[in-house]
Amino acid sequence: MLGILITVAVIAVVAYCVLKNYYPPIVLLLAGLLMLVCAWLMGVDPVDAKKSTNFVGFDFVQAFTNQMKGRLPGLGLNIMLIAGFSFYMDRIGASKALVKLCVKPLSAVRSPYVLLAITYVVGQFMALFINSAVGLGLLLMASVYPLLVALGVSRASAAAVIGSTCCLDLGPSSSNAMRAADLMSTDVVTYFVQSQIPVAVCVIATVAIGHFFVQRWFDQRDAARGVADGAPVKADQKDLEKAFEGAGPVHYALLPMFPLVLLIVFSPMVYDGIKLSLQTGILVSILIAFFVDLITHFDFKECCKRTSAVFEGMGKVFTSTVALICCAELFALGMNKMGGITTMIQAAAAMESAGVWVMLFIMLGIMVVATIVTGSGNAAFFAFSPLLPEAAASVGINTAVLVVPVQLSAGIARTMCPIAGVIIAVAGIAGLTPFEIIRRTIPVMLLALIVNVAASAVFL
């Protein structure tokens, strides 16, 4: 019981600090160390005897060293290379070229709410290759948002749909997906194709249809109440040209797709004669993009200079996501050593057949609340995901049954959070408050959570 009380108190302090914009990795690191100290006072050693430094004061830090040794060469390097590739695609204009190509056909759709639904689907597709929710949101706000409003959709509806285009963290480029695949002891491509896609297709269809009806209802209600939507926004061609300034030639739109295509083609599901790791696939894609850029511009010096974006991206993501992973895992280790979470898991396991659903809803509840409180799907998932394999084993179910819905719920919950970066960004451009956006996303995302759980139960 004491372990549960201490764990809950520490989680509350961590949530408060993150809400007050303290640097999340160091908050999780200190919280993890604190719980390791408390566990030691209760008779639980911070590390195994084989890995001990023979001085308990150093053993607390050794626990963190062990986490970094286990994460940096594998998952950490994967995420850094993905980020480097993403930064490089942005630097050479390939990301904008992809968005420009994808949104161009949308101008032919004249039904405003059909266009809303299609915009979400197209945005979620682009999120497979542009793994920054804020970056994609800003591009869509500059390109599709004026078109939506010009057709008669309210600013709030248009912004709500654009803010939700990354509500599912899908594909090999998602750090959450990489972590989930690691928990299931499989590669990220297999996890994406066999576990994510069946569930994601159902959720994407639900969100698209949900936006159609929910946003139309909100707009009709506001119109009936005489609520003004502000000055109309015109789809100015000059604004569109400015939004896509620096976009590469049209063939550059293919470059962000290379990693996903290579990894799927050279996977056990398609062709297993060649074994291609994610890291090698990313590096090959970077080299292909470099030579395409060189052939296009015939400026070797400038093309070499642009590749610096790869290493800039790797460095930036290390200070955020990779550091967060290592510190979050120490935080999870501290919770496990305290025994509070284990007690809750054992209690759910004792409920026999009902224990599966109790366990699922406990983990979903933790993930959704943690994401809404922190505004980050990554922070929440990395902090609590290490508990999932033990939770699944305790009730005798496949790990995927817990991992997939919980992993996807982190992105869904982020879209309901007023302090999420993408919500703040699109609200600012639309001239609205984040709360005006999330009151329109919450009903749709609640539907998405329900379908997420139902589809996971059916397909996994």
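Could you give me the ³J(HN,Hα) list for segment 417-428, computed from phi with Karplus coefficients 6.51, -1.76, 1.60 and θ = phi - 60°, whole Hz, x at Gly and Pro?
9, x, 9, 5, x, 5, 5, 4, 5, 6, 5, x
Classify segment 45-122: rounded, prolate or oblate, from the alpha-carbon gyration tensor (a ≥ b ≥ c, eigenvalue square roots; a/c under 1.5 rounded; otherwise prolate if a/b is larger than b/c)?
prolate
Determine the share of the chain's accessible area contributed by carbon and sulfur atoms, expressed in whole percent, with a 1.4 angstrom probe.
That share works out to 68 percent.
With just the Cα atoms of segment 4-156, tell me how far they stretch along each of the three principal axes, in Å, largest first.
Principal-axis extents of the Cα atoms in segment 4-156, largest first: 70, 34, 21 Å.
Round to a whole angstrom and tell me the spacing of the C-alpha centers of segment 75-92 and segment 382-405.
With segment 75-92 and segment 382-405 each reduced to a Cα centre, they are spaced 28 Å.
Please arrange VAL199, VAL122, VAL261 by accessible surface area, largest first, computed with a 1.4 Å probe and ligands excluded.
Putting VAL199, VAL122, VAL261 in descending order of accessible area: VAL261, VAL122, VAL199.
How large is the accessible surface per residue of the chain, computed with a 1.4 Å probe and reported in Å² as a whole number?
Accessible area per residue: 43 Å².
Over segment 41-189, what relative contact order in percent results from Cα pairs under 8 Å that are six or more residues apart?
RCO, segment 41-189: 20 percent.
Rounded to the nearest 20 Debye, what is the dipole magnitude of the chain about its Cα centre when Lys and Arg each give +1 and Asp and Glu each give -1 at the C-beta?
Once rounded to the nearest 20, the dipole reads 640 debye.
Could you work out the relative contact order of the chain? I mean the mean sequence separation of Cα pairs under 8 Å and 6+ apart, divided by the number of residues, in percent.
Rounded, it is 28 percent for the chain.
How far apart, in nm, are two points set 7 Å out from the Cα along the Cα-to-Cβ line at TYR271 and at VAL13?
So the two model labels end up 5.6 nm from each other.
Can you give the longest run of the chain that contains no trypsin sites (Lys or Arg not before Pro) sitting in a DSSP loop with at most 12 other Cβ atoms inside 10 Å?
276-460
Any idea how far the Cα center of segment 98-118 sits from the one of segment 259-293, in Å?
30 Å
Give the share of C-alpha pairs in each 10 angstrom bin for segment 9-56, from 0 to the last occupied bin, in whole percents, shortest bins first.
Spelled out bin by bin, segment 9-56 gives 25, 42, 24, 9 percent.
The values are calculated or read from the model by the stated rules, or taken from the named source; none is laboratory data. All values derive from a computational prediction rather than experimental measurement. Quick reminder, even Gly has a Cβ in these numbers, built from the backbone with ideal geometry, and neighbours come from all protein chains shown. With ligands, DNA and RNA removed, areas are computed over all heavy atoms of the protein, side chains included. Shrake-Rupley method; radii C 1.70, N 1.55, O 1.52, S 1.80 Å.
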